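Colleague: Just passing along the structure, written as structure tokens.
The values are calculated or read from the model by the stated rules, or taken from the named source; none is laboratory data. The model shown is predicted, which means the values in this text are computed figures rather than measured ones. Positions of Cβ are backbone-derived with ideal geometry, glycine not excepted, and every protein chain shown enters the neighbour counts. The accessibility values were calculated without ligands, DNA or RNA, using every heavy atom of the protein model including side chains. Shrake-Rupley method; radii C 1.70, N 1.55, O 1.52, S 1.80 Å.
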Amino acid sequence: MIDKYVVWLKSEGKSKKTVNEYPVILHKLINWYEKTEGGKFEPNKITTLHLHEFVAFLDKVQQYEPAYINKILASLKTFYKFAMDKGLILYNPTLKVKMKRTMKQYAAPKWLTKKESAKFFHAIEQEKNIKRKNRDIAICRLMAGAGLRVQEVSNLNIADICLEKRRENVTVRGGKGSKFRIVPLNSDAVGNLTDWFKNRGEPNGNEPLFLSERNIRMSDRTIRHMVTKYAKNAGLEDVSPHTLRHTFCKSLADQGVRLEHIAYLAGHESLETTRRYTHPGENDLRKAVQAISEKR
């Protein structure tokens, strides 16, 4: 059954990460059921009550964060969609199981202020190895200036970048949920990518855009480590590739760009995700309060 589930996930266009993670999550339910009920797991044996009890187990016994419990539930809803498709069940028990509400879901994400962003990119400029510097700035511009996810940057090939005048853009082919989108590039990103291509040479268009020191495609893990290193050099804490992506979305929201446009550029599946960037940050609130001071 698990093997068929994996094949089905791939046929649905799920990402490699999802294909690897979802069967592991399913085993959490299987192990819990077999220890609790003492019988062999079968999809049609699971009731909605079982799932409510499983969620309580994850919450009270395992003490998982609500966000992780929601991830498990999302995975199980996908599994039972597979089970319905294959005729393994007559009723989907996950239909009446709701996601857990958590304040963390609705909190505004962390982004860099203009001053922090300047410090971050200045730290990259201090890199003495010219080739590495040009590569790393180009990578970070694609996240902070085009909103790409770290895995999307890692997946890029040379052919995905267009620097033709008035058509400058990046094509994201392996986005979340295997979605496709084209994002325009601003002058900063174009300049940095141009510098990187000078170092990158004239390779085949199907080759990776960014190469590691070992001359292979840069992994998302390597990119994360690189971002953390430069953030530390800049004296910034808790900065990740996603922080740069958040900075892109927040900057667009501050410029009054419509939520639908931001959602497309960032590859969001829901406008609710994009709406987080309309939440004020600490500096926004401080400026608002200071604006009514008699001593401003």
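Residues are listed down the side, and each one gets a yes or a no for (1) within 20 Å of SER15 (Cβ to Cβ); (2) at pLDDT below 90; (3) outside any strand (DSSP E or B); (4) open to solvent by 60 Å² or more (accessible area, probe 1.4 Å):
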position: LYS110; (1), (2), (3), (4): no, yes, yes, yes
position: GLU127; (1), (2), (3), (4): no, no, yes, no
position: LYS131; (1), (2), (3), (4): no, no, yes, yes
position: VAL170; (1), (2), (3), (4): yes, no, no, no
position: ASP188; (1), (2), (3), (4): no, no, yes, yes
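Colleague: Also, I was wondering about something else. Let me confirm something: among TYR68, TYR80, TYR91, which residue is out of contact with any Phe, Trp or Tyr (no Cβ under 9 Å at 6 or more places or on another chain) and part of a loop (DSSP other than H, G, I, E, B)? Show your work before the answer.
Modeller: Numbers: TYR68 fails: part of a loop (DSSP other than H, G, I, E, B); TYR80 fails: part of a loop (DSSP other than H, G, I, E, B).
Exactly one residue qualifies, and that residue is TYR91.
Colleague: Within the stretch 200-218, which residues are assigned to a loop (DSSP other than H, G, I, E, B) and surrounded by 14 or more Cβ atoms within 10 Å (Cβ to Cβ)?
Modeller: Of everything in the stretch 200-218, those that are assigned to a loop (DSSP other than H, G, I, E, B) and surrounded by 14 or more Cβ atoms within 10 Å (Cβ to Cβ) turn out to be LEU209, PHE210, SER212, MET218.
Colleague: Tally the residues that are buried (at least 20 other Cβ atoms within 10 Å of the Cβ), under 12 Å from LYS110 (Cα atoms) and hydroxyl-bearing (Ser, Thr, Tyr), restricting the search to the stretch 223-244.
Modeller: 1
Colleague: Now, a different point. Test LEU285 against the stated conditions and say whether it is modelled with pLDDT of 90 or more and part of a helix (DSSP H, G or I).
Modeller: no
Colleague: I've got another one for you. Out of LEU193, LEU142, LEU148, report the one residue that is open to solvent by less than 40 Å² (accessible area, probe 1.4 Å), under 15 Å from ALA266 (Cβ atoms), part of a helix (DSSP H, G or I) and in contact with a helix residue (DSSP H, G or I) (Cβ under 7 Å, 6 or more places away or on another chain).
Modeller: After applying the criteria, what remains is LEU142.
Colleague: Output the residues belonging to the stretch 58-88 that are surrounded by fewer than 18 Cβ atoms within 10 Å (Cβ to Cβ) and in contact with a Pro (Cβ under 6 Å, 6 or more places away or on another chain).
Modeller: Result: LEU88, single match.
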